[in-house]
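So the structure is just underneath, and the comments pick up after that.
No value in this document is a laboratory result; all are computed from the given coordinates. All values reported here derive from a predicted model rather than from experimental measurement. Glycine gets a Cβ as well: all are built from the backbone with ideal geometry, and neighbour counts include every protein chain shown.
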Amino acid sequence: MTDPIIRFDKVAKRFGDISVLDGLDFTVSRGEKVTIIGPSGSGKSTILRILMTLEDISDGTVWVDGEPLWHEKAGDGTLKPASEAHLHKMRGKLGMVFQSFNLFPHMTVLRNITEAPVQVLGLSKPEAKDRAMGLLDMVGLSDHAEKYPHQMSGGQQQRVAIARALAMRPDILLFDEPTSALDPELVGEVQEVIRKLAYEHDLTMLLVTHEMRFAREISDRVCFIDKGSVHEEGAPEDLFTAPQQPRTQEFLRAVLDG
Amino acid sequence: MDEMTWLDYLPVLGQGAWVTVQLTVWSTLFGALLAFAAGLGKLARNAAVRGLSVAYIEIFRGTSLLVQLFWLYFALPLVGQAIGINLRLPPVTAGILALSLNIGAYGAEVVRGAVQAVTRQQYEAARALNFTPRQTLFRIALPQAIPEMMPPFDNLAIQNLKDTALVSLISLADLAMRAEQLRNYTQDSTTIYTLVLLMYFGMALVLTAFMRGLSSMVGRWRPAQR
Ligand SMILES: Nc1ncnc2c1ncn2[C@@H]1O[C@H](COP(=O)(O)OP(=O)(O)OP(=O)(O)O)[C@@H](O)[C@H]1O
Ligand SMILES: [Mg+2]
């Protein structure tokens with residue numbers, strides 16, 4: 001577990017009076033596939049959203065790829081709050097797949113995937129299109145490039161959303177319950193794509209899911225989060241078969257029986 | 001002189017209608033520009049821009065068009081005189097300016113509302129893809145917001161068409177003014193007002209048809225209309 005690409009160092013997050021994360025310590029190694037599980041409201045989405053810079057932190061430091069995410073180094077070596085320019089630079093290392101897909105409804109599938117590479121990365125349109133078509137092929141949707149999101153099923157939209165995130169070539173890809181909004185018969189096709197990514201790529205993956213079987217299949221490590229801190233973590237075969245903590249046992253019993 | 005028939009009224013009313021059309025088109029266009037400027041200005045990060053937009057919107061929504069028109073036409077030149085600049089506006093300019101400023105203030109609220117109605121999820125997806133705030137506004141938010149603005153914009157444009165009748169009060173020879181002149185001359189109120197009613201209604205129909213066309217153009221990507 002050398003070379004951490006993500007490190008939460010005593011991170012606190014409060015929304016007004018509610019404390020969601022309280023002194024969270026958490027690391028992910030480069031290329032590692034980590035699944036976060038835990039009860040509703042335990043702070044799983046908040047962890048991903050902090051990494052994607054959708055939510056700031058109240059205390060502590062988050063490190064991504066050796067640099068502080070929400071801070072920058074001042075002249076005297078101390079940390080000061082990050083500027084928008086710093087956040088912009090850091091965001092380029094990360095991508096996110098949302099529970100509700102969040103495709104842009106006014107753009108075709110192809111445009112959804114090429115827009116950011118062209119506008120943000122400065123790729124030429126042909127370059128971006130090549131990249132997009134390659135990714136659409138990978139997610140099995142080459143024939144759907146000219147469709148609009150509303151013309152596709154939820155499973156197809158989520159596969160486009162994965163392609164859209166990958167088109168930015170992130171080092172870290174965050175998945176927040178990517179199959180929770182899908183009809184049961186569409187869950188498989190999205191999991192298939194994520195599985196392929198997990199096995200074939202050196203991408204660092206951080207996945208929040210309630211699908212324990214899937215988590216067990218694809219992750220190097222599973223973290224059980226409760227009340228905003230890592231309660232127990234380990235290799236999936238250990239954590240799922242022989243959890244040590246009573247709360248983990250209780251949680252797993254509830255979700256596996258449910 | 002011979003008795004005039006309704007056919008004889010048409011050329012005179014037609015001249016007035018043409019003035020009304022021009023007033024409507026120009027003030028709707030300028031009004032739309034002002035609506036975008038002030039509506040987006042009200043959402044700006046810069047406090048001065050925000051304050052200026054709010055002041056403009058509130059002043060022009062909170063006072064009547066008639067007062068705005070009289071102020072621009074009669075009061076502004078006096079202000080100009082006091083500070084030594086010629087601010088005397090030709091009636092057409094004063095009319096278009098007052099109508100634009102008025103409709104722009106109402107339109108600004110439409111623009112602001114439609115932009116704010118774009119879901120938080122869309123803004124988050126844009127941020128996750130590292131779009132700048134400006135790119136997010138122009139490439140993600142506005143293309144989704146503009147189709148939502150079209151039905152209220154249609155209403156405002158019709159409202160504006162009807163409001164042009166007020167400019168006859170600063171001696172502009174629009175449709176309402178021409179009708180009044182003819183009526184004074186012939187006393188044939190029924191025929192004249194019926195013709196005028198039909199002409200305004202015809203113009204409103206054309207305007208709405210145009211707005212419908214524009215609406216389906218900017219909303220091409222949307223699922224079949226609800
Ligand atoms: N913007 C916000 N304002 C106030 N409270 C918030 C906000 N976002 C999240 N919370 C609260 O923070 C807590 C943790 O939220 P979070 O979404 O991280 O939970 P989660 O573990 O992802 O839960 P779930 O499994 O239901 O998605 C919850 O109690 C939630 O109500
Ligand atoms: Mg969540």
Checklist entry - How about the stretch B:118-226: which GluC sites (Glu not before Pro) there lie in a loop by DSSP and see at most 10 other Cβ atoms within 10 Å? => result none
Checklist outcome for this item: Per residue of B:128-138, other chain Cβ atoms within 10 Å number on average 6
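What 222 nm value per residue comes from the helices of chain B, counting each DSSP H run with n ≥ 4 as -39,500 (n - 2.57) and dividing by all residues, nearest 500 deg cm²/dmol? Mind showing how you got there, number by number?
Values: 9 runs with 165 residues, N = 226.
Result for chain B: -25000 deg cm²/dmol, rounded to the nearest 500.
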Checklist entry - Using the Kyte-Doolittle scale, which helices in chain B average at least 0.5 and also have C-alpha atoms spread 24 Å or more along the helix axis, with helices defined as whole DSSP H runs? => result B:6-41, B:91-116, B:189-218
Checklist outcome for this item: For A:Lys33, the lysines lying under 25 Å Cα to Cα, once residues fewer than eight places off in the same chain are dropped, come out as A:Lys10, A:Lys13, A:Lys44, A:Lys89, A:Lys93, A:Lys196, A:Lys227
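Taking the Cβ of each residue in A:His150, A:His71, A:His210 as the centre, tally the other Cβ atoms inside 10 Å and list the residues starting with the fewest. Before the final figure, lay out the partial values.
Values: A:His150 12, A:His71 18, A:His210 15.
Arranged by neighbour count, lowest to highest, A:His150, A:His71, A:His210 become A:His150, A:His210, A:His71.
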Checklist outcome for this item: As a percent rounded to 5, the proportion of antiparallel DSSP bridges among beta bridges in the protein assembly as shown is 60
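Show that you can apply the helix-only estimate: for chain A, add -39,500 (n - 2.57) for every DSSP H stretch of four or more residues, divide by all residues, and state [θ] at 222 nm to the nearest 500.
-11000 deg cm²/dmol
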Checklist entry - What is the local net charge at A:Pro236, summed over the other residues whose Cβ is closer than 15 Å to its Cβ (Lys, Arg +1; Asp, Glu -1)? => result -3
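Are there any trypsin sites (Lys or Arg not before Pro) in the stretch B:67-172 that are in a DSSP loop and have at most 15 other Cβ atoms within 10 Å? List them by number.
Values: sites: B:Arg88, B:Arg112, B:Arg120, B:Arg127, B:Arg134, B:Arg139, B:Lys162; in loops: B:Arg88.
Sparse-neighbourhood loop trypsin sites (Lys or Arg not before Pro): B:Arg88.
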Checklist outcome for this item: Taking R0 as 30 Å and r as the Cβ-Cβ distance between A:Lys147 and A:Asp3, the FRET efficiency 1/(1 + (r/R0)^6), rounded to the nearest 0.05, comes to 0.15
Checklist outcome for this item: Charge dipole of the protein assembly as shown built from unit charges on the beta carbon (Lys, Arg +1; Asp, Glu -1), centred at mean Cα; most positive-end Cα among B:Thr20, A:Leu79, B:Pro90 is B:Pro90
Next on the checklist: Can you compute the charge dipole magnitude of the stretch A:103-169 about its Cα centre, using +1 on each Lys and Arg Cβ and -1 on each Asp and Glu Cβ, nothing else charged? Give it in debye, rounded to the nearest 20.
Outcome noted: 140
Next on the checklist: Just to check I understand the Karplus step: with θ = phi - 60° and J = 6.51 cos²θ - 1.76 cosθ + 1.60, what whole-Hz values come out for the stretch A:8-18, glycine and proline as x?
Outcome noted: 8, 10, 6, 7, 10, 9, 10, 10, x, 8, 7
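What percent do you get for the relative contact order of chain A when only Cα pairs under 8 Å and 6+ apart count?
24
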Checklist entry - Between A:Ala82 and residues 5 or more places away or on another chain, which pairs have amide H atoms under 5 Å apart, with H built 1.01 Å from N, and which residues are they? => result A:His71, A:Glu72
Item to check | Debye, to nearest 20: dipole size of the protein assembly as shown, +1 on Lys, Arg Cβ, -1 on Asp, Glu Cβ | outcome: 940
Item to check | Cα pair distances of the stretch A:103-169 binned at 5 Å [whole percent] | outcome: 4, 22, 35, 25, 12, 3, 0
Item to check | Sorted by Cβ density within 10 Å, fewest first, the residues B:Met149, B:Met217 | outcome: B:Met217, B:Met149
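Taking the number of other C-beta atoms within 10 Å as the exposure measure, put A:Ser229, A:Ser58 in order starting with the fewest. Mind dumping the intermediate values first?
Working: A:Ser229 17, A:Ser58 14.
In order of increasing Cβ crowding within 10 Å: A:Ser58, A:Ser229.
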Item to check | Residue-averaged beta-carbon neighbours from other chains (10 angstrom radius) around A:103-110 | outcome: 5
Item to check | Given charges at Cβ of Lys, Arg, Asp, Glu: the protein assembly as shown dipole, positive-most of A:Val193, A:Ile225, B:Trp71 | outcome: B:Trp71
